[in-house]
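The values are calculated or read from the model by the stated rules, or taken from the named source; none is laboratory data. Here the structure is a predicted model, which means the values were calculated and not measured. Every residue, glycine as well, gets a Cβ built from its backbone with ideal geometry; the counts of neighbours run over all protein chains shown.
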Amino acid sequence: MVSSTIGSVITNNSVHPAHPFIKTLMAIARGMKKDGFSDAEIAKETNLSLTLITKLKQKQPTTP
């Protein structure tokens, strides 16, 4: 009997964090959020899950 394991699965709606390019997609999503795109638009364009997009926080500028 042959058994196989599935590492990470890509669905139509989301990309799981196991992919090496996730940080790039997250940076793109942060930029889109900063530019005023809606969470649904960001999720559609980047294929990241909507829950991940809503949890993104914009970096606050630090003042000395």
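Numbers below:
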quantity: Extreme residue, surrounded by the most Cβ atoms within 10 Å (Cβ to Cβ), among residues of the range 23-41 that are under 11 Å from the mean Cα position of the chain (by Cα) and among the small types (Gly, Ala, Ser); calculated: Ala29
quantity: Selection within the range 11-64 - of a type in the set (Phe, Trp, Tyr) and at pLDDT below 90; calculated: Phe21
